[in-house]
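Student: First, the structure itself, so that you have it in front of you.
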Amino acid sequence: MEKLPPIEKIYEAYSALADNRIHMEETSAKVISSDGAKSYKVAWKDNTYSSTDNATYWQGYAGYPVIGVLILQSKLTVDSTIFTHFSGVNWNSLNKKHKRDYHAALMEVFSEKQLPQEQIDSIETVTQQVFEQLKQLDLKIVRKLSTASQ
């Protein structure tokens, strides 16, 4: 992958998975935003992915909708039991509150969920492993898949 996302986008994907906000189809998925106000379309062909979320579309890295799809496709492996710790998180409002300081938003989630430090350390270790897997994937992120490929 050419451009890597901030690691915190993986936690946002955990929330989407915990809340069942990713609806898979054959070559695309619909992903509902954390506040329910928007939906994004993730599309793929082979190892090329596109998504209408801002991070993927404008920043050119795999945003949380793409990461969530990759987990559901088993291209990234993670212990799904940690997803529940991130259910019901409104990342949109947290990221706005923290002026896109994704790490600060994540720290607030850990605090709100009252997770013990040992559990936070374990979750961060697992997430770092997912991030390492993401680095190794031979993926191409594009703004839009050509219509001929769908």
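The values are calculated or read from the model by the stated rules, or taken from the named source; none is laboratory data. Predicted model only: the values in this text are computed from it and were never measured. Virtual Cβ from ideal backbone geometry, glycine too; neighbours counted across all protein chains shown.
Student: So for the stretch 111-118 (the condition being buried (at least 18 other Cβ atoms within 10 Å of the Cβ) and over 13 Å from Pro5 (Cβ atoms)), does at least one residue qualify?
Tutor: No, there is no match, as no residue in the stretch 111-118 is buried (at least 18 other Cβ atoms within 10 Å of the Cβ) and over 13 Å from Pro5 (Cβ atoms).
Student: Mind listing just one residue for me: the one in the stretch 1-28 that is touching a residue at least 60 places away in the same chain (Cβ under 8 Å) and of a type in the set (Asp, Glu) and, of those, surrounded by the fewest Cβ atoms within 10 Å (Cβ to Cβ)?
Tutor: Glu2
Student: Every residue in the stretch 12-28 that is under 12 Å from the mean Cα position of the chain (by Cα), over 13 Å from Gly88 (Cβ atoms) and either of a type in the set (Ser, Thr, Tyr) or part of a strand (DSSP E or B) (or both), please.
Tutor: Ile22
Student: Continuing with the same structure: Every residue in the stretch 95-138 that is among the hydrophobic types (A, V, I, L, M, F, W, C) and either part of a loop (DSSP other than H, G, I, E, B) or touching a residue at least 60 places away in the same chain (Cβ under 8 Å) (or both), please. Full working, then the answer.
Tutor: Here is the first cut: in the stretch 95-138, the ones among the hydrophobic types (A, V, I, L, M, F, W, C) are 104-107, 109-110, 115, 120, 123, 126, 130-131, 134, 137.
Those that are among the hydrophobic types (A, V, I, L, M, F, W, C) and either part of a loop (DSSP other than H, G, I, E, B) or touching a residue at least 60 places away in the same chain (Cβ under 8 Å) (or both): Ala105, Leu106, Val109, Leu115, Val130, Phe131, Leu134, Leu137.
Student: If you don't mind, another one. Could you check, for the stretch 75-94, whether at least one of its residues is modelled with pLDDT of 95 or more and more than 20 Å from Ile22 (Cα to Cα)?
Tutor: Yes, the stretch 75-94 contains a residue that is modelled with pLDDT of 95 or more and more than 20 Å from Ile22 (Cα to Cα).
Student: When you go through (1) touching a Lys or Arg at 6+ places or on another chain (Cβ under 9 Å); (2) surrounded by fewer than 17 Cβ atoms within 10 Å (Cβ to Cβ); (3) outside any helix (DSSP H, G or I) one by one for Asn92, which number turns out not to apply?
Tutor: The number of the failed condition is (3).
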